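**Student:** Pasting in a structure now, in structure tokens, and then I'll have a few things to ask.
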Amino acid sequence: MSEPVTFLSRAEALIGTPEAEAVERGVKKFADRRDVAVAEFPMMDELRDRSRAIRLHALRNLDRLLAHFADQVHSQGGVVHWAGDAAEANDIVVSILRGTEAHLVVKSKSMVSEEIEVNDRLHDEGIKVVETDLGEFIVQLAGDTPSHIIAPVLHKTRQEIGELFARRLGAAYSEDPFELNRIAREHLRETFLRADAGISGVNLAVAETGSLVLVTNEGNGRLITTAPRVHIALMGMERIVSRWQDAAVVLETLARSATGQRHASYTNVITGPRRSDDPDGPEELHVVIIDNGRADILSGSTAEILACIRCGACLNVCPVFRTAGGHAYGSVYSGPMGAIVTPGLHGMDPWWELPYASTLCGACEEVCPVRIQIPRMLLELRRQAAAEGRLPGWLEKGMSRYAKTASDPRRWARAKRWASRLSAPVATRGWISRLPGPGRGWTASRDLPKPAKESFNDWWRANRGT
Amino acid sequence: MEGLQVQLFVTCLVDALAPEVGRATLDALERAGCSVAFPVEQGCCGQPAFNVGLVEEARVMAGQTLDVLDSTEGAVVVPSGSCAAMITHHYIGLFSGTKREQQAKRVGSRVRELTQFLVDDLDTDLRASCNGCSVAYHHSCHGLRDLGIRGQADRLLEDLDRVPLAGAEECCGFGGLFSVEMPSVSTAIMDTKLDQVEVSGASLVVGGDISCLIHIAGGLRRRGSGIEVRHIATLLGEGG
């Protein structure tokens, strides 16, 4: 029997800290903007239905779409690599960079790159990687990890970032966002021009033309995929749609759900490397299609989570995420979506507790642009965890006893009377302020009503029973 | 004249911790013209087990609930969106492929949450009363999102002095056993809710689910707050 402590202990260390407060402020802003953007767009509900159908269709036809996509990339002059796991993906990236004598790499934001920890591997190989997304740049400079899939430094205050830039970049302290942006841009500009290779993620891959769609708000994605000689795109294998008309629908829901924008500032479409008549672009384009546990998810009861388009809307409305922040989850993917993705990719051990980090309030599903049935899958994973015997003993034994009692009218009646009598000495004016055992957590911050002297059932039998 | 026959399913929490809500529900239904029966063999709908993933235990309780309700006639009225949603939405999956599947569908289709039943089905004239109260309404998650119950309480509360509650549709952090398994996280979420309640200026918090209300009331009481918390059924009687 293992104790469900890891999420909880991380969360407890974060609750009430300036980090958690910054997260709460940040996600509320996102959620509010999302609400406005959705409210002004009457088609949104219909597009959510269509997005869902499109993504589920892609998952059902994944093998065929990926094969077609790979053919199209190839015919456009790009190279497709297939990686079974993180180590393979990293080997591929290293061998591409070695083969092209690339020593300096610029990156745009990519969750799958965080998932496979490519930066660590490149560092070990002596290849320098510079994050160019402002948030990721700050994360890298601070030696931190992202706390939100679309806003990696949501957990940091402007003051912290100002201090970090002063300390690490020798800049004059400022907490003005525009000035901080300028400092980062100035620092990065030369790196963009000197870089040998760019590594990006992929928001959507379009099978019919072998195109990659990259969505950013800073334009860094465009720079790192055009200026360096080599572009490596890292792509989770589920990140595909069949046709352009499908991509258009998904993109229409993505930015509104993520940041409340109608569209992201930059939507890049990359189809093959530089052609002879192109003014710029990389000489080589490599697409690394990464499984790393996705095939396992696809064949299980949480397959639907692969339809996720990584907008982060479910994080922003989740009361648990809002309270503790992304770092509490201990995984690259956090919030309700991450609580399903993480055990799927990396196994139930030790991630089985993440599906329990939810009140099952359903706010996540209510905002999901793909209408993913998140609570249903949290419950699926809980069932799996329970079947694997991972629940604490008190819960398993207690629930077994409760089920026997509450389903047997005589026992149930006795239990209620017994609970009322037993609680009488510890109650004041009908409330209990301190419980032993597992109940201690409840009464640490809340009183509990004392079980009534006469249950409704007893009252009915005495007064209304026939 | 015989009124509309309904069955009262009070839920385990109301039965054991808040019997006055059961009596108020009974009273409201009778005042709305119903002939109310209470199947005395009822227990718990099984949601606590279902939500932690203990399927067999959930089936034991859900099975008993189905047997008790299936032998009765008329709408089954539940003063809880959460327990009603358990029966209407989750029983079918819980028993899918078993011999109880049809029974789950049959009973599920008869189950109605109290405010839904009073407003949508009966179009009742009953209105809540409460002298000098300023009321904040907390929407419970499962009633809101599983059953789509949103405006029904507004109608029942229309004669009262209402105050807006920020985050009224956000979770109070209870989450059933979540509040016991992860009490510190649950408390932090609750604190946000309690802050919003206190800021609203309400003298009374009303809701339709005793589980969330016990959570909010227990938290307010620990804070030493004088704000009252009541189930909507208890305001529907004469004189509130």
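The values are calculated or read from the model by the stated rules, or taken from the named source; none is laboratory data. Quick caveat: nothing in here was measured; it's all calculated off a predicted structure. Neighbour counts run over all protein chains shown; Cβ positions are idealised from the backbone, glycine included.
**Student:** Hey, any hits in segment B:134-155 for a residue that's of a type in the set (Ser, Thr, Tyr), at pLDDT 95 or above and under 20 Å from B:PHE50 (Cβ atoms)?
**Tutor:** So far as segment B:134-155 goes, yes, one or more of its residues are of a type in the set (Ser, Thr, Tyr), at pLDDT 95 or above and under 20 Å from B:PHE50 (Cβ atoms).
**Student:** Which count do you get for residues in segment A:341-380 that are part of a helix (DSSP H, G or I) and closer than 24 Å to B:SER82 by Cβ?
**Tutor:** Final tally of qualifying residues: 15.
Let's see how each residue does on (1) in the same structural domain as B:VAL10 (by TED's automatic domain parsing); (2) touching a residue at least 60 places away in the same chain (Cβ under 8 Å); (3) not aliphatic (A, V, I, L, M):
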| site | (1), (2), (3) |
| --- | --- |
| B:CYS172 | no, no, yes |
| B:PRO183 | no, no, yes |
| B:MET190 | no, no, no |
| B:GLY201 | no, yes, yes |
| B:GLY207 | no, yes, yes |
| B:ARG223 | no, no, yes |
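**Student:** Working carefully through the options B:VAL55, B:VAL60, find the one that is of a type in the set (Val, Ile, Thr) and surrounded by fewer than 20 Cβ atoms within 10 Å (Cβ to Cβ).
**Tutor:** B:VAL55
**Student:** Taking segment B:84-126 on its own, how many of its residues are of a type in the set (Asp, Glu), in a loop (DSSP other than H, G, I, E, B), under 20 Å from the mean Cα position of the chain (by Cα) and at negative phi?
**Tutor:** Qualifying residue count, segment B:84-126: 0.
**Student:** Quick check: anything in segment A:90-112 among the small types (Gly, Ala, Ser) and under 25 Å from the mean Cα position of the chain (by Cα)?
**Tutor:** yes
**Student:** Identify all residues within segment B:9-61 that are among the small types (Gly, Ala, Ser), assigned to a helix (DSSP H, G or I) and more than 9 Å from chain A (Cβ to nearest Cβ); write none if there are none.
**Tutor:** Once the filter is applied, which keeps residues that are among the small types (Gly, Ala, Ser), assigned to a helix (DSSP H, G or I) and more than 9 Å from chain A (Cβ to nearest Cβ), segment B:9-61 yields B:ALA24, B:ALA28.
**Student:** Give the number of residues within segment A:256-265 that are at pLDDT 95 or above and within 26 Å of A:ILE232 (Cβ to Cβ).
**Tutor:** Number of matching residues: 1.
**Student:** From the residues in segment A:425-455 that are assigned to a helix (DSSP H, G or I) and surrounded by fewer than 12 Cβ atoms within 10 Å (Cβ to Cβ), which one is modelled with the highest pLDDT?
**Tutor:** A:PRO425
**Student:** Which residue pairs have Cβ atoms closer than 7 Å, lie 6 or more positions apart in sequence or on different chains, and pair a first residue in segment A:428-456 that is on the phi > 0 side of the Ramachandran plot and more than 8 Å from chain B (Cβ to nearest Cβ) with a second residue that is in a loop (DSSP other than H, G, I, E, B) and surrounded by 18 or more Cβ atoms within 10 Å (Cβ to Cβ)?
**Tutor:** A:GLY430/A:LYS450
**Student:** Consider segment A:393-419. How many of its residues are facing chain B (nearest Cβ under 8 Å) and either touching a residue at least 12 places away in the same chain (Cβ under 8 Å) or in contact with a Ser or Thr (Cβ under 6 Å, 6 or more places away or on another chain) (or both)?
**Tutor:** 4
**Student:** Here's a follow-up. Among the residues of segment A:280-291, is any more than 21 Å from A:ASP49 (Cα to Cα), small (Gly, Ala, Ser) and assigned by TED's automatic domain parsing to the domain that holds A:THR216?
**Tutor:** Among the residues of segment A:280-291, at least one is more than 21 Å from A:ASP49 (Cα to Cα), small (Gly, Ala, Ser) and assigned by TED's automatic domain parsing to the domain that holds A:THR216, which makes the answer yes.
**Student:** So A:ARG383 fits all but one of (1) under 30 Å from B:VAL40 (Cα atoms); (2) in contact with a helix residue (DSSP H, G or I) (Cβ under 6 Å, 6 or more places away or on another chain); (3) at the interface with chain B (Cβ under 8 Å from one of its Cβ atoms); (4) not in a loop (DSSP other than H, G, I, E, B); what number is the exception?
**Tutor:** Failing condition for A:ARG383: (1).
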